[in-house]
Amino acid sequence: MAKLSTHKTLIVMLILAMLSIGLVPTAFAQDGPFRVAAVAPSATNDLAFSQSMFDALTKIQEELGEDNFEFVFQDGTFIVDDAAVALRDWASSGDFDLVIAHGSQFGSILEELAPEFPEVSFAWGTDQNTFGLDNVFAYTAAAEQGGYINGAIAAGMTETGVIGVVGPIEVGDAKLYVDGFVAGVAATNPDVTVNVTWIQSFSDVPLATEAAETLIANDADVLTGTAQMVVGPIAVATENDLPWFGTQSSQADLAGDDGVLFQIYRWDVVLKDMIEQIQNGTLGGESFVISLENGGIEMEIDPDRFGDDADALAAFEEQVNALVDGIVSGEIVIFPDEAAEPAATEEVEG
């Protein structure tokens, strides 16, 4: 067997040493860049669900470098049939190491498509169902955690004793967030009423706007919501100078100093696990959950909220951190076993 030159031997030894201490991206372990294709229902700047995935892929690319990680992102694909075309094209091309269907509405597509391409790795969310397929990863968020924290703090801010929530469809991480928010309010001040309006749409901004206005008309003086339609309710909150609590992605730029606290999804945490498994030959069969504990969920304070008041900011950070620590340690139980349903919820028609 031919021997490596001294120069090449040193290079190989250096790379192995760097790998052992985590300085070389995993993508170096394969020939060419790791390539991902993703489809999402809304825009990459929706300040919510789709942006959370786009930001995660961008972060991974920044960490690994464009020579080691490439991705294509088809946004604004809410129609399931259009997403199916893109997913099939990517799978049949053989050009991608991972194909992501970012949207719970795309699950039925993957359940049918993945068995046709057993050598292609797929991922979808938010859900935990891999359909029993060895080439499908599933991912979701413990959205009730940030929801609880937002609710606990919102309960201390309301002056009318009424808080408004604009929800999309009562499924997935949207439901978890709203249920967690309601639980946080109830645990902090059971006398506060949480009015929840489910508008039955993830993307209907006018309807979400109308729902937020109705909530305010019913005395809500703090607002929150989830999904890409929240740009409407955020605008209503700022017009009325009311506190806004967000989830999925940072909404600070839109909310301004009316923003309070945002639950941020860090999908890159679980995507890195998927990438490593794929490179080691495992194409799916596992579900992932981002959480406060694994760093997949982060709480971001709106930077404009406290201005130059460093003492107020420090006190608020301490309050948020105490809630985070309580949830991670298990001291705070978001949904106690004795409570069949989150308390203090009233439905308000939009």
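Coordinate-derived values only; no laboratory data. Predicted model only: the values in this text are computed from it and were never measured. Cβ coordinates were reconstructed from backbone atoms using ideal geometry, including for glycine residues, and neighbour counts include every protein chain displayed.
Among Gly156, Leu271, Thr126, which residue has its Cα positioned farthest towards the positive end of the charge dipole of the chain, with +1 placed on the Cβ of Lys and Arg, -1 on the Cβ of Asp and Glu, and the dipole taken about the Cα centre?
Leu271
Kindly work out what percent of the DSSP beta bridges joining two residues of the chain are antiparallel, to the nearest 5.
10 percent
Given an 8 Å cut-off on Cα distances and at least 6 residues of separation, report the relative contact order of the chain as a percent.
Once normalised by length, the contact order is 17 percent.
Among DSSP beta bridges whose residues both lie in the stretch 205-350, state the antiparallel percentage, nearest 5.
40 percent
For the chain, what are the DSSP H helices with axial Cα length of 27 Å or more and mean Kyte-Doolittle hydropathy of at least -1.0?
The qualifying helices are 310-329.
Rg and Dmax of the stretch 185-329, Cα atoms, in Å?
Considering the stretch 185-329 through its Cα atoms, Rg and Dmax are 17.9, 56 Å.
Which order do Phe71, Phe202 fall in if you start with the one that has the fewest other Cβ atoms within 10 Å?
Phe71, Phe202
Ranked by Cβ crowding within 10 angstrom, fewest neighbours first, how are Leu313, Leu261 ordered?
With the sparsest Cβ surroundings first, the list reads Leu313, Leu261.
When Rg is the radius of gyration of the Cα atoms in the stretch 106-257 and Rh is its Kirkwood radius, what does Rg/Rh come to?
Ratio of gyration radius to Kirkwood radius: 1.07.
Hey, how many Å between the Cα centroid of the stretch 215-240 and the Cα centroid of the stretch 119-163?
20 Å
Compute the Rg/Rh shape ratio of the stretch 77-133: radius of gyration over Kirkwood radius, all on alpha-carbon atoms.
Ratio of gyration radius to Kirkwood radius: 0.91.
Tell me the relative contact order for the stretch 72-165 as a rounded percent, counting alpha carbon contacts under 8 Å between residues six or more apart.
Answer for the stretch 72-165 is 18 percent.
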